[in-house]
Amino acid sequence: MKKYLLIIAFLCIGQLVAQDISGNDPDKTLKEKIYTANKKRVMNFSKKQFDALFFEFFEKKNNVNTILSKEEFYQYTIQIAIFSDRLATLYPEEIQIANESKAKWLAEQYDDYLSVIKAKTK
């Protein structure tokens with residue numbers, strides 16, 4: 001019985017991830033793959049680990065001399081989104097804010113990042 005409940009829970013979580021990542025997102029498959037691969041690890045991040053990830057991302061994102069690959073970009077944005085799940089678990093009264101933050105980070109697009117980099121280098 002536990003085995004069936006675990007399978008059902010896994011499928012439900014997968015469905016929630018799929019709903020969070022827009023159906024018309026051209027990078028949907030990549031984002032889902034990164035989300036699944038990082039979920040467990042990021043849910044165990046300390047605030048210190050998250051802060052390091054967050055600031056590293058903004059340093060790299062704003063450095064016009066180094067352009068992140070698509071996978072690198074999504075590794076950061078998806079992990080930041082996952083941490084919102086952790087915050088929602090720790091602070092249930094803030095679940096709406098955490099869900100909005102998660103949706104924002106999952107909606108980030110690599111093409112938008114490249115456009116900003118291109119504009120900065122002109």
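The values are calculated or read from the model by the stated rules, or taken from the named source; none is laboratory data. This structure is a prediction, so every number in the text was calculated from the model and none was measured. Using ideal geometry, Cβ is built from the backbone for each residue, glycine included, and neighbour counts are taken over all protein chains shown. Protein only, heavy atoms only, side chains kept; ligands, DNA and RNA dropped before computing areas. Shrake-Rupley method; radii C 1.70, N 1.55, O 1.52, S 1.80 Å.
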Pop the C-beta distance of Ser69 and Glu93 into the FRET formula with R0 = 25 Å and round what comes out to the nearest 0.05. 0.10
Compute the accessible area per residue over region 35-121, keeping the other protein chains in place, probe 1.4 Å, unit Å². 61 Å²
Per-residue SASA entry for Tyr35, accessible area with 1.4 Å probe, Å² rounded to 10: 10 Å²
Could you order peptides 47-54, 25-32 by the average number of other Cβ atoms within 10 Å of their residues, highest first? 25-32, 47-54
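Can you classify region 21-66 as rounded, prolate or oblate using the Cα gyration tensor, where a ≥ b ≥ c are the square roots of its eigenvalues, rounded means a/c under 1.5, and otherwise it's prolate if a/b beats b/c and oblate if not?
In terms of gyration-tensor shape, oblate.
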To the nearest 10 square angstrom, how much accessible area does Thr89 have with a 1.4 angstrom probe? 100 Å²
For the cross-link pairs Lys28/Lys61; Lys40/Lys120; Lys48/Lys122; Lys31/Lys122; Lys39/Lys122, which exceed 32 Å when the distance is taken from alpha carbon to alpha carbon? Lys40/Lys120; Lys48/Lys122; Lys39/Lys122
